[in-house]
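The values are calculated or read from the model by the stated rules, or taken from the named source; none is laboratory data. In this text the structure is predicted, and so the values were computed from the model without any measurement. Virtual Cβ from ideal backbone geometry, glycine too; neighbours counted across all protein chains shown. With ligands, DNA and RNA removed, areas are computed over all heavy atoms of the protein, side chains included. Shrake-Rupley method; radii C 1.70, N 1.55, O 1.52, S 1.80 Å.
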Amino acid sequence: MTDYAFPKTPEIEEAYRAAYRALEALVPPRTVTAEGESDFAEVMSQFRMLVDSAEFAVASQLGPAISWRAPLREGDWGLVLSGVDLDNKAYDFGEFQLGIDAFEGPTGNWHGSALNRAGMAYKRAGRWDHPPDESGVWLLMLAPVSASGREDGTWFYSGRLAGFVIVYDRDEDGAYESVGHIWTATAWQRRGIARRLLAEARSRFPVTSVEGPYTEAGAAFLSACPAPKPPPQS
């Protein structure tokens, strides 16, 4: 075919380029080729990667999207402390039930789930080798954004996972004595979230250690949140 030519679609191209430019502002420099330096074919080929990178940037700042079910909360909304036992489901967290998006991503497995995305954001922020996996007891701070209810009193909430603390039973003696990971999404920091989660962990489990290595900020946080002293012996 000597007359082959790819069809021109000016309106579609401009819409893609405008969206591309908007998403570029959310991701680190050089994540993708700049829109002004790309032809339309390159814009289209990089668009999905750019969307994924932008979603990850938002998850790092505000926490990944997550859903849950719970009774209607009266009065003003606020942060909600919940959690999940990924080891043996021996521990529950009352009337809060996390949605399937907490554990399953778009492909139906752990990758891309809300907990995995939070773990990946934590991994990048701390420059660790690996993110947390599907184990341990996760204490979660949930930030509600919207909700809808049914006549039976069940309400469905959508929001953001603002922070987590993960507790492990490292010696497999049935006691969760070790805090392995602590993370708060960037925009939620300095609101006492990590402090509340760590206090909850210490109140629920016989925590004796917080695993290192620590970032500089992590070391400062733990210094400001020492373990409570045991009561004096009578």
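General observations
- The range 61-70 - residue that is closer than 16 Å to Ser146 by Cβ and not hydroxyl-bearing (Ser, Thr, Tyr) and, of those, surrounded by the fewest Cβ atoms within 10 Å (Cβ to Cβ): Arg69
- Qualifying residues in the range 129-156 (those that are open to solvent by 10 Å² or more (accessible area, probe 1.4 Å) and within 16 Å of the chain's Cα centre (by Cα)) - the one nearest to Ser60 (Cα to Cα): Pro131
- Of all residues making up the range 18-60, the number that are among the charged types (D, E, K, R), open to solvent by less than 30 Å² (accessible area, probe 1.4 Å) and in contact (Cβ under 8 Å) with a residue 24 or more places away in the chain: 0
- The residues in the range 87-102 that are crowded, with 18+ Cβ neighbours inside 10 Å and over 14 Å from the mean Cα position of the chain (by Cα) can be counted, and the count is 2.
- Residue check for Leu79: surrounded by 16 or more Cβ atoms within 10 Å (Cβ to Cβ) and more than 30 Å from Trp155 (Cα to Cα): no
- Beta carbons closer than 6 Å, at least 6 apart along the sequence or on distinct chains, pair a first residue in the range 1-16 that is under 22 Å from Ala34 (Cβ atoms) with a second that is not small (Gly, Ala, Ser) for Glu13/Phe40; Tyr16/Val43.
- Test: residue in the range 56-67 that is over 13 Å from the mean Cα position of the chain (by Cα) and modelled with pLDDT under 95: no
- Residue-level check: of (1) over 30 Å from Gly149 (Cα atoms); (2) modelled with pLDDT of 90 or more; (3) surrounded by 11 or more Cβ atoms within 10 Å (Cβ to Cβ), Pro10 misses just (3).
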